[in-house]
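A short worksheet on the structure shown next.
The values are calculated or read from the model by the stated rules, or taken from the named source; none is laboratory data. Since we're looking at a predicted model, the values are computed, not measured. Please note: Cβ atoms are built from the backbone with ideal geometry, for glycine as well, and neighbour counts cover all protein chains shown.
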Amino acid sequence: MRLKKVLDDIQKTENKILELQEHVRQLRIQKKQMEDAEIIKAIRSMKMDSRKMLTFLDGIQNGTVTMQFDEEGNLSMDSSETGIKKEENMDREMSIGLIEEREDLEDEE
């Protein structure tokens, strides 16, 4: 009789653990979706044209753009390869045609 009760308790506990693990998995998915939405919202609020945004996102992905918050909570972005502010770097790239060159290379791949 006691063994049956212990076995039943084990089964109930294992079922509860499975339910909680699934709940945590769903919460993690929801958290990621919310983070993604916040990232999109922040990027869109930057009011960049398409080419500047493409260059900015490319810089983030390849690690050449760093972002820092100052004491007042303002965001600043620097290009780690040259130390030039990212907007100046994007303007410079656009003026010498590096973006078009990069697009051509991507098309070839």
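The residue that is farthest from MET46 (Cα to Cα), among those in the range 56-91 that are modelled with pLDDT of 75 or more and of a type in the set (Gly, Ala, Ser), is GLY63.
Can you pull out every residue in the range 6-42 that is of a type in the set (Lys, Arg) and either more than 24 Å from the chain's Cα centre (by Cα) or over 30 Å from ASN74 (Cβ atoms) (or both)? Once the filter is applied, which keeps residues that are of a type in the set (Lys, Arg) and either more than 24 Å from the chain's Cα centre (by Cα) or over 30 Å from ASN74 (Cβ atoms) (or both), the range 6-42 yields LYS12, LYS16, ARG25, ARG28. Scanning the range 43-61 for residues that are in a helix (DSSP H, G or I), over 12 Å from the mean Cα position of the chain (by Cα) and surrounded by fewer than 10 Cβ atoms within 10 Å (Cβ to Cβ) gives a single hit, SER50.
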